[in-house]
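Since the structure comes first, as structure tokens, the remarks are kept for the end.
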Amino acid sequence: MPIRAAITLGALTVAAVISLLAAAKSGSVDVSWADTWMALTANRADTAATVIWELRLPRAAAAFITGGLLALAGALMQVLLRNPLADPYVLGISGGASVGALTAMVLGLGAAVVSGGALAGALLSMVLVFGLAHGRGGWTPARLLLTGIVVASGWSAVISFLLALGPEHELRGMLFWLMGDLGHAGWPPWRGLVLVTGLAASFALARPLNLLARGELQARVLGVAVTPLRYALFGLASLLTAAAVTLAGSVGFVGLVVPHMLRLAIGSDHRLLLPGAVLLGGTLLNFADILARTLLAPQQLPVGVFSAVIGVPLFLFLLNRGPRGRE
């Protein structure tokens, strides 16, 4: 591993730990660093420990896992579609999830049903895009991208219709969900399992991904089974996206920009890029959620607003920092 990449991954790991500690400390109830450390390391049952373990750490874990899922899915989508503007939502997965979640909200159903509706909508969109992309012209990145864009546009129209029909007392929650909201997130055990499994599966595909990123012809010449690899990437990225949107709604920006930030910092080797994307995506969204919880405390804001506020300056800095960025 190059020294530069090792230093970057080490720094990202430290930043991830710091973001989790900062999330445990930060909130409308003031908790000192000493009390935070004692609550995390000692078996205590005071107010600080209750606030940290029952409210803040579950939300911090949810934010980190959501950011990691989206960044990993974005890195896979950009290779699958061979398009630098591809993100986890470009194939309509988020649109389908939004329709499912908003339908449950319009009907006044509970939070569990909202998450279930989002998951059902995401999986429906995944199957729909996959099926429609198979036509006489074959299954190509361009055909898949166009199919996803059209399906996403259709979902967008349905979302507008649901917002027009939604009762006034539900509109705020519906808009927050569309902008990304971690206010109702708890411990996310199965999403964490999806993230770990997805990272392991994508890491196993790192070498074929490196070859496919250089071109389909070169990948085929070097022995990569391109068509099965595309199917695997589509299914894996779609499942990662579905897990993320059922946890925090439609959080934008992370899946699009984080992979590019890592490419500018450590290059395009997916053996380094994929774990780095998980660390950076989780860290970025965790700090964004800290801002969302504390900026106007006790009022909480959508986390998707602040992911762009933090990410845009970082990306522009990396883009203009030197010769590698100019390339």
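Overview of results
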| read-out | value |
| --- | --- |
| Selection count where residues are modelled with pLDDT under 85 and within 18 Å of Gly252 (Cα to Cα), scope segment 154-171 | 0 |
| Filtered residue count, segment 130-149, keeping only those that are in contact with a helix residue (DSSP H, G or I) (Cβ under 8 Å, 6 or more places away or on another chain), free of Cβ contacts under 8 Å to residues at least 60 places away in the same chain and under 16 Å from Ser94 (Cβ atoms) | 2 |
| Residue that is surrounded by the most Cβ atoms within 10 Å (Cβ to Cβ) [pool: residues in segment 300-327 that are in a loop (DSSP other than H, G, I, E, B) and modelled with pLDDT of 80 or more] | Pro302 |
| Criterion (in contact with a Leu (Cβ under 9 Å, 6 or more places away or on another chain) and either part of a helix (DSSP H, G or I) or in contact (Cβ under 8 Å) with a residue 12 or more places away in the chain (or both)) met by exactly one of Ala237, Ala297 | Ala237 |
| Qualifying residues in segment 18-57 (those that are over 18 Å from His184 (Cα atoms), surrounded by 12 or more Cβ atoms within 10 Å (Cβ to Cβ) and among the polar types (S, T, N, Q)) - the one modelled with the highest pLDDT | Ser19 |
| Breaking point among (1) over 28 Å from Ser26 (Cα atoms); (2) of a type outside the set (A, V, I, L, M); (3) surrounded by 22 or more Cβ atoms within 10 Å (Cβ to Cβ); (4) under 15 Å from the mean Cα position of the chain (by Cα), for His270 | (4) |
| Out of Ala200, Ala243, sole residue that is surrounded by fewer than 19 Cβ atoms within 10 Å (Cβ to Cβ) and closer than 20 Å to Val278 by Cβ | Ala200 |
| Per-region count, segment 167-197, residues buried (at least 18 other Cβ atoms within 10 Å of the Cβ) and either in a loop (DSSP other than H, G, I, E, B) or touching a strand residue (DSSP E or B) at 6+ places or on another chain (Cβ under 9 Å) (or both) | 5 |
| His260, sole failed condition from (1) touching a Gly at 6+ places or on another chain (Cβ under 6 Å); (2) at pLDDT 85 or above; (3) part of a helix (DSSP H, G or I) | (1) |
| In segment 99-134, residue modelled with the highest pLDDT [restricted to those that are part of a loop (DSSP other than H, G, I, E, B) and over 19 Å from Pro228 (Cβ atoms)] | Leu107 |
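Let's see how each residue does on (1) closer than 30 Å to Ala157 by Cα; (2) touching a helix residue (DSSP H, G or I) at 6+ places or on another chain (Cβ under 6 Å); (3) of a type outside the set (Asp, Glu); (4) not in a helix (DSSP H, G or I):
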| residue | (1), (2), (3), (4) |
| --- | --- |
| Ala15 | no, yes, yes, no |
| Leu20 | no, yes, yes, no |
| Asp35 | no, yes, no, no |
| Met38 | no, no, yes, no |
| Trp53 | no, no, yes, no |
| Pro58 | no, no, yes, no |
| Ala61 | no, no, yes, no |
| Leu70 | yes, yes, yes, no |
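The values are calculated or read from the model by the stated rules, or taken from the named source; none is laboratory data. Source: prediction; values computed, not measured. Please note: Cβ atoms are built from the backbone with ideal geometry, for glycine as well, and neighbour counts cover all protein chains shown.
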